[in-house]
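Written below as structure tokens is the structure these notes are about.
Coordinate-derived values only; no laboratory data. Note that the structure is predicted; figures quoted are calculated from it, not measured. Cβ sites come from the backbone with ideal geometry, for glycine too, and all protein chains shown count toward neighbours.
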Amino acid sequence: MSRRHSPSDMSYTLVIGVLASLALVILVGPVLVVLLTSFTDNRSLKFPPTGLSLQWYAELFDATRSRQIHRAALNSLEVAAWSTGLATLFGTMAALALARSEARWARMLDTLFMSPMILPGLAFGLAALMYFTFLGFRPSLNLIMVGHAIVIVPLVLRTTSASLSQLDAALLESSASLGASWFYTLRRVTLPIIAPGIFAGAFLAFMASIDNVPVSLFLSGPRSDMLPIRLWGMMESTLDVRVAAVSGVFITTVICLMLLMERVVGLTKRIRD
Amino acid sequence: MTPAAARAGCSGGTRLPLRPAEWQLVLPLALAFVAFFAGPLLILAVVSAFDNEQITTVGFAMWTKFLGDPFYWKVIGDTVKLGFLTVGATLLVGYPLALVYIASGPWMQRVLIFVVILPLLTSVVVRTFAWIVILGREGVINHVVLWLGFAPAPLRLLQTELGLVIALTQIEMPLMLLPLLSVLGRIDPNLRDASAALGASKWRTLFQVTLPLSLPGLIAGCILVFASSTTAFISQSIIGGNRLVYLPLLIWQQSLVVYNWPLASVAALTLLLSVSAGIVALTLFGRRGMRHLHV
């Protein structure tokens, strides 16, 4: 057992331990800092805050003083809901066809559908702006919705395909051999089994739409302001401490949603696979 | 019925008349991608081949202007450099965290995954804002540095490359960790135990067993981080400020401030090509590593 405590192994434990702790601090620290900052009674972003108050939350929830933020948040929610719906429907249909196919065209399509993950979003945002402008469309929430749907499809495809690849083919065969139609098998066997994967993907897609900057930056107009773009404006001009309050609301909501999704679909397992 | 017969019955059109063909299921998404993905990218390429801002004269003046100017080359170089610095930083602290993850029990693993996903799901704008609070003149880091007496005056961290890389390390780390955790989790723990039983030190096991086997996840993480950090417009413009110019800022200025769409398209295509070149380099690097593994 003397090997276990050799100097080399102790240096391993020390180095890996220190770096991993640093990673944890870097990951979690900013979230805690923002939460605490949102309760400051100061007009600046001094940390730690000199005193605690709820004034920035009060101002954020004030219907008249923060009207534009509320408008932008509602727009973002509406776009996220529609684009997630579209991406989930089309994405699941495509996954059903592509997940088990080894054909060359299927692999190529799969690569195409996944490419928005690594394609620079800003290049696509600019391209979409010019494309819609030349087609004669004016900036609107519908255009943003279409752009978001394209960008978030890979998230649905990935989790749904992962669930499908774990689906036991014997189940589908027995369903078919018992005389069930393709659609009946889909409805009663396939979908119930892969539903957690679909929901996990839809959740990630929804959050990605809420968070999207590159597409919204180019496609939003004065009448279709989106939350991240408005927050960016608030950070660029004068450092508005309301951004901290928005962040506080955001972080709390995300933590609640994550706990909920973990309960319902086992989010951590879906994401890890 | 034998499984083979069942499979034949499953794919036979006569038994299941309502079964749609695979192409029918893919068609809606494929059409949407042609109309709203391929179409726009084609327009991007077309617009870049115009000489003037009114988009009336065809020519490659914008390309020659862009590629003939040392300033733009510096912007391209800085953008690629930022991507690789972020990849290096996320790898340096992310990989050890992934090692701790595979050595932990199931409960701790779930907590760690939560910790990794939380920043991923809290908006990029929120994460960027957090780093302004941390890196600012009156921020957390300066508070600690001054209190410990490491520096006589507040350090300048905002609007520096160092500050931006630190912030991007947190902002992009989940993208590095998720593929890594997935691949590391699938490596048979017996291999590590066997390596230790045969007398290898923990370092040797890391470099000769775990690291080579995790290469696919590692490369996937590097690609995601590289692609995301080079195009992280909000973080770059807020933390980097106007002193540090990267391709995304250039694209934004040229298209939405100056309204020079051809030049913006040239910059966007350059970003696209730079990112693709970086991804190809990372993939080749990974392939070489894996070939080495099979020898």
### Message
Taking only complete DSSP H runs, can you tell me which helices of chain B stretch 30 Å or more along their own long axis by Cα positions and average at least 0.5 on the Kyte-Doolittle scale?
### Response
B:70-102, B:161-186, B:261-294
### Query
Just how far, in whole angstrom, is the stretch B:79-153 from the stretch B:29-43 if you go by their alpha carbon centroids?
36 Å
### Task
Take the protein assembly as shown, drop everything but the C-alpha atoms, weight them equally and run the Debye formula without solvent; then report log10 I(q)/I(0) at 0.06, 0.12, 0.13 Å⁻¹ to two decimals.
-0.33, -1.29, -1.46
### Task
Give me the distance between the Cα centres of the stretch A:106-120 and the stretch A:122-154, rounded to whole Å.
18 Å
### Summary
So the FRET efficiency between A:LEU260 and B:VAL111, C-beta based with R0 = 22 Å and rounded to 0.05, is 0.85
### Query
How high is the relative contact order of the stretch A:66-272, given as a whole-number percent (alpha carbon pairs under 8 Å, six or more residues apart)?
33 percent
## Note on the structure
Partner lysines whose C-alpha sits under 23 Å from that of B:LYS65, ignoring same-chain residues fewer than 8 away, are B:LYS74, B:LYS81
### Query
Kirkwood Rh, the stretch A:142-193, all Cα pairs: how many Å?
12.9 Å
### Query
How many percent of all Cα-Cα pairs in the stretch B:42-178 sit more than 19 Å apart?
68 percent
#### Entry: Cα-based Kirkwood hydrodynamic radius, the stretch B:57-294, one decimal, Å
20.0 Å
### Message
Using Cα springs under 10 Å in a Gaussian network model of chain B, which residue among B:MET108, B:MET176, B:MET62 shows the largest mean-square fluctuation?
### Response
B:MET108
### Message
Based on Cα coordinates alone, diagonalise the gyration tensor for the stretch A:66-272, multiply each eigenvalue by 5, take square roots, and list the semi-axes in whole Å, largest first.
### Response
36, 21, 13
### Message
List the trypsin sites (Lys or Arg not before Pro) within the stretch A:187-273 that DSSP assigns to loop and that have no more than 16 neighbouring Cβ atoms inside 10 Å.
### Response
A:ARG223
